[in-house]
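Working notes, structure below.
The values are calculated or read from the model by the stated rules, or taken from the named source; none is laboratory data. Note that the coordinates shown come from a computational prediction; the quantities given were computed from them, not determined experimentally. A quick note on method: Cβ atoms are made from the backbone with ideal geometry, for glycine too, and the neighbour counts reach across all protein chains shown.
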Amino acid sequence: MSRADYYERTEPASDSDWHARPLEGVFDELETSEAGLASSDAQDRLEREGPNEIEGEEGTSPLEILLEQYTSALIWVLIVAAVVMAGVGHTVDAAVIAGIVVFITLFGFVQDYRAEQSIQALKEMSTTYALVRRDGEKREIDATNLVPGDIVFVESGDVVPADARLLEESNLRVDEAALTGESVGVSKEVGRVDGEVALAERENMLFKDTVVERGSGTAVVVETGSESEIGQIATALEEAEDRETPFQAEMDRLGKIIAGIVILAVAVIAVAELLVGETEPLQVFLTAVGIAVSAVPEGLPAVVTLSLALGARRMADQNALVRRLPIVEALGSVDVICTDKTGTLTEEEMTVQRIVANREVYEVTGTGYDTDGEFLRDDQPVSDERVAEVLRCGMLCNNVDVGIRERDDDGGDGAKAVEEAGEQERTYLGDPTEVALFVAAQKAGFDHEELAAEYPRRGEVEFTSARKRMTTIHETPDGDPTAYMKGAPETVLERCDRELVDGEIVELTDERRGALEERNEEFAEDALRVMGFAYRPDVPADQVDDPDEDLERDMVFLGLQGMLDPPRPEVPGALAGCLDAGINVVMITGDNAVTARAVGKEVGLRSATVITGPELEEMSDEDLAEIVEDVDVFARTSPEHKTRILQTLQEKGHTVAMTGDGVNDAPAVKNSDVGVAMGIRGTDVTEQASDIVLLDDNFATIRDAVKGGRRIFDNVRKFVNYLLSGNGGEVTMVFSGSMLGFGLVITPIQILFINVVTDGIPALSMGVDPPAEDIMEREPRPPDEGVITERIVTSIVGIALFMTICLLPLFTLNFYGELVPGYDVLGAVAGWSPDYDPGRELAQTMVFTGFVVMQIVRIQAVRFRYGLGLFTNRWLVIGILVSITLQLLVIYTPTGQFLFDVEPLALVHWVQIAISAAIFALLMAGFVKVQDRYFERY
């Protein structure tokens, strides 16, 4: 099935008729009820049915990874070379080449497998949770543990976790584009749909991976995992679309360029050797093979992917879950962070501290989610009755539940616990603002279950970011339906014409309205988030069960509740660190301008210059473009404002990271350069649109993510520079030796050993280098700057030339030793006999070993530019020691000498190599000084 067919289909993938059965038949078939399953029953079903996952989500198998190692053309060139060598009787050389092929493929397999494991581990950390009823009470579980028969609850912003039959709904509409390709949301209704109808017409069904646009619903799970509609389609898809990372694409382009250069160089060498040299054609062929393998970084994409994956894993340990590895490149370029306030800059533990009711102001004691507290007037306790009506409204017009959240960790989700029992956590499930209202009502003695039974809900006009208010309809003890409203004070006040004072409904005069607005501003100046409350006792009959916005008029104002969400203590330092790194921070919040400015100043924003949503709407695009870089607080905004701010900043050339949590934030998060979702309070939709999920919703974690991204990019750039400059030196050395008539200055097998063993291990070690000390003091990297810069290109060329300049004398000195003045003195010191002629084999050994030593020197030269000493990375030290040990084993063991055609080196040889390496280091130091005049440091 093609992806075009996937979106053009109208018929279901399965022939299930869950939509057409009566609910009693659904419950009977699933052996469940509206009370949900028992935990033990659910566990049995999970073992029988399997996890709620779609086949194919487990990633690439080890066998596939191993076979992919043999897709490289260069690997097959080596295999052909080994076959040719064996065919002409060079069995030892053939065996060595075959062994190196095996080593290369196994080395690549280990890299790719570790990268795959890291990526899969990151995916597993990005867990989706589902709210279910088990053992008679609500609890939040890992969605992969859902089973047929579970009762699930969904609301606006949720991704539907499984196929389910609807039991209850309130203004429920679902975006089923993931399943049908239709962009228009589908309104859902409880009932029975007869016959074989298309998926889009099954109004009583919810389907896995579709998105709840608005409203809420309760449903019974009927199919999970691969048995769901989207699961059956996914298993029928023939091809998966693997997206190449920008790093890999850049490496591929670079490889093609180098391959072209190598082909030309090999052709010139082959012609020169065959026409003017004395080298056998077979040896010329093997030299060409060795040059090709050493010059083209065939293993570099795997090293890059592994480095990205391991770096992303480190970032996950710091609560920044990278969902897409390519985003690491953009992280280093971020120069603007647009952040929410609540829970990101602040603690997200709202506590009601002041209440306005009956034209008086009351203080509320207690902190956090502790239900112990008093209500004070002029520091004296007052009766709860003075604030009862506004608190009752706050608890009724509220979607908080008290349930169980199941976690495998020790509370890393940031949940606020009411009580703990083993691995289960009884907790408030809901928005922090609503939880604060819920707790405040509990302080006055209200019990949620009792109040819900006394005032059962009949309908709801849901909260949206555009409306900034929410209304619920309840039956009252006297039988009259009553509407309760909460929302931003200005939106509530504009719907009110009366107020409740000491139990009597009186007119809401302009003078009183002005006094309330002043009180709201006074609270806001103290960084309090303020909510207004109202009710309507005379709800029209046609609005009771199917309410709309027409209901929200002629309301009776009840009062205000002001709650404090203190800034996180680590945020001012993190924000200052971002400013030092050249990253501007912009706060975008729904709070009013006064509150937003107060919080902005408290956390350390540059100027706390505020623009409100209404002011934004009056601006033209040109006007916004003129001031957007000077504003660091946007207040009373909607998600549409976020998108406009984002687009304006991007048009000004900025690389923007945008945070979001609500479903309406998803477009801004999706279209930003780095989309950041809130892992605790964020919706599934926003998480899926994001590049990074903050597991702790903390702004400091964004700063750490940028730092982590810069670190990963630096490390990638370092080992790319290191590998390519070394490869360039090998090519230049062989080419120069051939052109000067020296023949083969290093054998193909020795080149392969250097390329695979002594280069690969240190390069991998550099992938875990610590960050440079000034990593967060630099300006952001330009977004169009790739891994390979002009400076690195000049380094590759310059280092290649310096290696050749320093290594050619080692070859000539030992190959033509008796012709060099003073050589006999060196020989006497070394204990050689007067007639000793080292010859080609020793000269090649000197070049071979000289390459290894110079590469080690080169490693530290690359790292020194980042202010890193040799012992700042213990894995690199170990890698260098391993490389040196392997080289010594090759030189000084009979097996190594036999396999690699080398001579053991005497002290004088090591003196020569040390002198050459010292000269090479001095040349590099001078070259860096020259580069510093023409290029940026990095």
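Restricting attention to the stretch 616-643, and to residues there that are surrounded by 14 or more Cβ atoms within 10 Å (Cβ to Cβ) and among the charged types (D, E, K, R), which single residue is farthest from HIS654 (Cα to Cα)? Explain how you work it out, then say what you get.
Start the filter on the stretch 616-643 by keeping residues that are surrounded by 14 or more Cβ atoms within 10 Å (Cβ to Cβ), which leaves 616, 619, 624-625, 628-629, 631-643.
Pick out the ones that are also among the charged types (D, E, K, R) and you get 629, 632, 636, 640, 642.
Working: GLU629: 10, ASP632: 14, ARG636: 24, GLU640: 19, LYS642: 15 Å.
Only one residue tops the list, namely ARG636.
Among the candidates ASP93, ASP41, single out the residue that is of a type outside the set (A, V, I, L, M, F, W, C), farther than 23 Å from GLU229 by Cα, at pLDDT 80 or above and buried (at least 16 other Cβ atoms within 10 Å of the Cβ).
Values: ASP93 fails: at pLDDT 80 or above.
None of the other options fit; the residue is ASP41.
If I ask for residues that are hydroxyl-bearing (Ser, Thr, Tyr) and under 25 Å from GLY573 (Cα atoms), which ones from the stretch 685-732 would you list? Even if it seems obvious, please write down each step before you answer.
The initial filter retains those residues of the stretch 685-732 that are hydroxyl-bearing (Ser, Thr, Tyr), namely 686, 690, 701, 722, 725, 732.
Scanning the stretch 685-732 gives a single hit, THR701.
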Among the residues of the stretch 671-687, is any in a helix (DSSP H, G or I), of a type in the set (Lys, Arg) and under 29 Å from LEU308 (Cα atoms)? no
Anything in the stretch 867-879 that is surrounded by 15 or more Cβ atoms within 10 Å (Cβ to Cβ) and in contact with a helix residue (DSSP H, G or I) (Cβ under 6 Å, 6 or more places away or on another chain)? List them, or say none. TRP875, LEU876, GLY879
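Residues that are in a helix (DSSP H, G or I), assigned by TED's automatic domain parsing to the domain that holds ILE792 and touching a Lys or Arg at 6+ places or on another chain (Cβ under 7 Å): does the stretch 855-866 have at least one?
First pass over the stretch 855-866, keeping only residues in a helix (DSSP H, G or I): 855-864.
Add one more test, that the residue is assigned by TED's automatic domain parsing to the domain that holds ILE792, and what stays is 855-864.
Now narrow it down to the ones that are touching a Lys or Arg at 6+ places or on another chain (Cβ under 7 Å): 862-863.
Checked against the condition, which is being in a helix (DSSP H, G or I), assigned by TED's automatic domain parsing to the domain that holds ILE792 and touching a Lys or Arg at 6+ places or on another chain (Cβ under 7 Å), the stretch 855-866 yields at least one hit.
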Inside the stretch 678-701, can you point out the residues that are at pLDDT 85 or above and among the small types (Gly, Ala, Ser)? ALA700
Quick check, is ALA657 free of Cβ contacts under 8 Å to residues at least 24 places away in the same chain and part of a strand (DSSP E or B)? no
Does the stretch 527-536 contain at least one residue that is surrounded by fewer than 18 Cβ atoms within 10 Å (Cβ to Cβ) and at pLDDT below 95? no
Residue pairs qualifying under the 9 Å Cβ cut-off, at least six apart or on distinct chains, with the first in the stretch 615-636 being closer than 20 Å to THR491 by Cβ and outside any loop (DSSP other than H, G, I, E, B) and the second being at pLDDT below 90 and acidic (Asp, Glu), are ALA635/ASP591
Tell me which of these ARG703 doesn't satisfy, since it passes every other one: (1) in a helix (DSSP H, G or I); (2) crowded, with 24+ Cβ neighbours inside 10 Å; (3) touching a strand residue (DSSP E or B) at 6+ places or on another chain (Cβ under 7 Å). (3)
Take the stretch 541-587 and flag every residue that is closer than 24 Å to VAL439 by Cα, of a type outside the set (D, E, K, R) and either touching a Lys or Arg at 6+ places or on another chain (Cβ under 9 Å) or in a strand (DSSP E or B) (or both). VAL556, PHE557, LEU558, GLY559, LEU560, GLN561, GLY562, MET563, LEU564, PRO567
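Going through VAL328, VAL334 one at a time, which residue ends up being touching a Gly at 6+ places or on another chain (Cβ under 6 Å) and in contact (Cβ under 8 Å) with a residue 24 or more places away in the chain? Let's see the steps before the verdict.
Numbers: VAL334 fails: touching a Gly at 6+ places or on another chain (Cβ under 6 Å).
Every option except VAL328 fails the conditions.
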Hits in the stretch 732-746 - residues which are surrounded by 24 or more Cβ atoms within 10 Å (Cβ to Cβ) and under 29 Å from LEU764 (Cβ atoms): MET733, VAL734, VAL745, ILE746
Please go through the stretch 312-346 and give me each residue that is more than 14 Å from PHE713 (Cα to Cα) and of a type in the set (Val, Ile, Thr), ordered by number. VAL322, VAL336, ILE337, THR339, THR342, THR344, THR346
So which of LEU813, LEU808, LEU819, LEU826 ends up being farther than 24 Å from TYR722 by Cβ, out of contact with any strand residue (DSSP E or B) (no Cβ under 7 Å at 6 or more places or on another chain) and at pLDDT 50 or above? LEU813
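I'd like the residue in the stretch 316-346 that is among the polar types (S, T, N, Q) and under 15 Å from the mean Cα position of the chain (by Cα) and, out of all such residues, is farthest from ALA527 (Cα to Cα).
Step one: of the stretch 316-346, the residues among the polar types (S, T, N, Q) are 318-319, 333, 339, 342, 344, 346.
Applying the additional criterion that residues be under 15 Å from the mean Cα position of the chain (by Cα) yields 318-319.
Values: GLN318: 29, ASN319: 27 Å.
So, considering only residues that are among the polar types (S, T, N, Q) and under 15 Å from the mean Cα position of the chain (by Cα), the one farthest from ALA527 (Cα to Cα) is GLN318.
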Which one is nearest to the chain's Cα centre (by Cα), of the residues in the stretch 430-484 that are assigned to a strand (DSSP E or B) and basic (Lys, Arg)? ARG469
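What residue, among those in the stretch 514-537 that are in contact with a Phe, Trp or Tyr (Cβ under 9 Å, 6 or more places away or on another chain) and of a type in the set (D, E, K, R), is nearest to PHE438 (Cα to Cα)? Reasoning before the result, please.
Of the stretch 514-537, the ones in contact with a Phe, Trp or Tyr (Cβ under 9 Å, 6 or more places away or on another chain) are 516, 529-530, 532-536.
Going one step further and asking which of them are of a type in the set (D, E, K, R), we end up with 529, 536.
On the way: ARG529: 15, ARG536: 21 Å.
In this case the residue turns out to be ARG529.
Any residue that is in a strand (DSSP E or B) and either surrounded by fewer than 20 Cβ atoms within 10 Å (Cβ to Cβ) or touching a residue at least 12 places away in the same chain (Cβ under 8 Å) (or both) - is there at least one of those in the stretch 591-608? It would help to see each step written out before you state the result.
Pass one, the stretch 591-608, residues in a strand (DSSP E or B): none.
No, the stretch 591-608 contains no residue that is in a strand (DSSP E or B) and either surrounded by fewer than 20 Cβ atoms within 10 Å (Cβ to Cβ) or touching a residue at least 12 places away in the same chain (Cβ under 8 Å) (or both).
How many residues does the stretch 301-325 contain that are modelled with pLDDT of 70 or more and assigned to a helix (DSSP H, G or I)? Working first, answer last.
Going residue by residue through the stretch 301-325, those that are modelled with pLDDT of 70 or more are 307-324.
Retained after the next criterion (residues that are assigned to a helix (DSSP H, G or I)): 307-317.
Of the residues in the stretch 301-325, 11 are modelled with pLDDT of 70 or more and assigned to a helix (DSSP H, G or I).
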Residue that is farthest from LEU886 (Cα to Cα) [pool: residues in the stretch 902-927 that are surrounded by 18 or more Cβ atoms within 10 Å (Cβ to Cβ) and under 42 Å from the mean Cα position of the chain (by Cα)]: MET924
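Just to be sure before I move on: is VAL402 under 26 Å from GLU140 (Cβ atoms), of a type in the set (Val, Ile, Thr) and modelled with pLDDT of 80 or more in the structure I sent?
Values: under 26 Å from GLU140 (Cβ atoms): yes; of a type in the set (Val, Ile, Thr): yes; modelled with pLDDT of 80 or more: no.
For VAL402, the condition - under 26 Å from GLU140 (Cβ atoms), of a type in the set (Val, Ile, Thr) and modelled with pLDDT of 80 or more - is not met.
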For PRO540, which of the numbered conditions (1) touching a residue at least 12 places away in the same chain (Cβ under 8 Å); (2) of a type outside the set (Val, Ile, Thr); (3) over 18 Å from ALA388 (Cα atoms); (4) in contact with a helix residue (DSSP H, G or I) (Cβ under 9 Å, 6 or more places away or on another chain) fails to hold? (1)
Contact list, first residue from the stretch 863-889 and more than 12 Å from VAL852 (Cα to Cα), second anywhere and assigned to a helix (DSSP H, G or I) and among the polar types (S, T, N, Q), beta-carbon distance below 6 Å, six or more apart or interchain, is LEU870/GLN860; TRP875/SER765; LEU876/SER765; GLY879/SER765
